[in-house]
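A quick write-up on the structure given underneath.
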Amino acid sequence: MQRLEIEKTKSSPQIDFNAQTHTHLIRGESYPENTTQFYTPILEWITMYLREGYEGEINFNIELIYFNSSSSKVLLDLFDILEETNNNKIIVNWIHDEEDEAMEEYGEEFQEDIEHITFVIKTKE
Amino acid sequence: MLNQSLYSYKDALDREGIIFTFCGPISHDIVEGVGVTLKSQMQEDDVSRTTAMKVFAIFIEQVQNVINYSQERNDTSVDMGMGIIVVGKHDNKHFIVGGNKIHTSKVAELEKNLKDLVKMDKNELKIFYKEKRKVNNNADSKGAGIGFIEMARKATQPLEYSFEKIDDAYSFFSIEANI
């Protein structure tokens, strides 16, 4: 599958999804003008990618410093798609700045409802 | 001429502690531009990072509400809604106020939702937020429908709101968050 790369803007995050390395990145701020329009191709890419059924470890590194309420809903949609695989080798790394307690709490709120994949909260190195 | 009274207008805003106000067509470009300015302004004023991020987050929800839900709109290719946004600081508290026209027919439902929301404590808000986030959107909702809950969670006191009837068809809705 072709690598999905989107450059960050003031209101949308950098996306770098790589089907060769199986490490995928969402980094930056997320409050796009049209959340559905921005994230639909991204969720479609993930759905296609998961269909390939890679059996090794897959990492989703999510390094957001701010996201608005509609992006929060999209993140939940993303985690739902990942959960459906029932594959604990899919690892979401929720990465936040050490002092950023709000982002840590957001991570914990997602983590509470995750059952079928691995969800790790980390501070940024 | 406004030219001659502009200073007293600005002075009145300053006395209210207003850092920033915008009235008119609000588009995404304004959200981005002002958001960035607001963050650096707060940094200069030594506002703690936690508070600055809360003010910024509420500002974003407020302006995106105006863009998505104002019933007074510009008929252009750019998606914008007419409204007013005020950000300020008074007695060491930040306030972010947003207002726009809505259909009077929508007032009762919105008022009921907000009435329920202001009664909730932080834990109830968290549960409600997570519950609503899971639900699929209404067809007429452009956002996730959880913007007010997000604002209530970030604010340090209950949201304040009001409705003013303009005519039979429209009302003016305003909502204030304090941090």
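For the segment A:63-75, counting C-beta atoms of other chains within 10 Å of every residue's C-beta and taking the mean gives 5. For segment B:67-119, the convex hull spanned by the alpha carbon atoms encloses 103 Å³ per residue.
For the peptide A:27-36, the mean number of other protein chain Cβ atoms found within 10 angstrom of a residue's Cβ is 4. For segment A:103-125 versus segment B:21-51, the inter-centroid distance based on Cα atoms is 29 Å.
Using the alpha carbon gyration tensor of segment B:1-111, what are the three equivalent-ellipsoid semi-axes (square root of 5 times each eigenvalue), largest first, in whole Å?
Numbers: eigenvalues 120, 72, 44 Å².
Working from the Cα gyration tensor, I get semi-axes of 25, 19, 15 Å.
Proximity of backbone amide H atoms, modeled 1.01 Å from N, is registered between B:D79 and no other residue at under 5 Å, excluding neighbours fewer than 5 places apart on the same chain.
Given the rule -39500 (n - 2.57) for each run of at least 4 DSSP H residues, summed and divided by the residues of chain B, what is its mean residue ellipticity at 222 nm, to the nearest 500 deg cm²/dmol?
Values: 6 runs with 85 residues, N = 179.
Value at 222 nm, helices only, nearest 500: -15500 deg cm²/dmol.
The phi torsions of segment B:24-36, fed into the Karplus equation with coefficients 6.51, -1.76 and 1.60 and a -60° offset, translate into couplings of x, x, 10, 10, 4, 4, 5, 4, 5, x, 5, x, 5 Hz, rounded to whole numbers, with Gly and Pro shown as x.
Backbone phi angles across segment B:11-21, fed through the Karplus curve with coefficients 6.51, -1.76 and 1.60 (θ = phi - 60°), yield HN-Hα couplings of 4, 4, 5, 4, 5, 7, x, 7, 7, 7, 9 Hz in residue order; Gly and Pro are listed as x.
Measuring max minus min along each principal axis, the C-alpha atoms of the protein assembly as shown give extents of 71, 43, 41 Å (largest first). Proximity of backbone amide H atoms, modeled 1.01 Å from N, is registered between A:L25 and A:D16, A:F17, A:N18, A:N61 at under 5 Å, excluding neighbours fewer than 5 places apart on the same chain. If only the Cβ of Lys and Arg carry +1 and only the Cβ of Asp and Glu carry -1, the dipole of the protein assembly as shown around its Cα centre is close to 560 debye.
Judged by the mean number of other Cβ atoms found within 10 Å, the most tightly packed of the peptides B:99-111, A:47-59, B:41-53, B:149-161 leads the ranking B:149-161, B:99-111, B:41-53, A:47-59.
When each of the peptides B:84-90, A:70-76 is scored by how many other beta carbons lie within 10 Å of its residues on average, the order from highest to lowest is A:70-76, B:84-90.
Applying 1/(1 + (r/R0)^6) with R0 = 30 Å to the Cβ-Cβ distance of B:S40 and B:I127, what FRET efficiency is obtained, to the nearest 0.05? Walk me through the numbers before you get to the answer.
Numbers: r = 35 Å, r/R0 = 1.17.
The calculated FRET efficiency here is 0.30.
Taken about its Cα centre, segment B:1-125 carries a charge dipole of roughly 240 debye when the Cβ of each Lys and Arg holds +1 and the Cβ of each Asp and Glu holds -1. In chain A, taking the dipole from charged Cβ atoms about the Cα centre, the farthest positive-side position among A:L64, A:S11, A:A102 is held by A:S11.
Listed by chain and number, the aspartates and glutamates whose alpha-carbon sits under 16 Å from that of A:K89, ignoring those within fewer than 8 places in the same chain, are A:E52, A:E55, A:E57, A:D80, A:E115. Size of segment A:1-49: Rg and Dmax of its alpha carbons, in Å, are 10.7, 31. Of the two radii for segment A:1-121, the radius of gyration is 0.93 times the Kirkwood radius, both from the alpha carbons; that is the Rg over Rh value.
Within 10 Å of each Cβ of B:86-92, how many other protein chain Cβ atoms are there on average? Show your work: numbers first, answer last.
Values: counts 0, 0, 0, 0, 0, 0, 0.
Per-residue shielding by partner chains comes out at 0.
Read the figures in this text as sums done on the coordinates, not as results from a lab. All of these numbers come straight from a predicted model, not from anything done at the bench. Because the Cβ atoms are built from the backbone with ideal geometry, glycine has one as well, and the counts that use them run over all protein chains shown.
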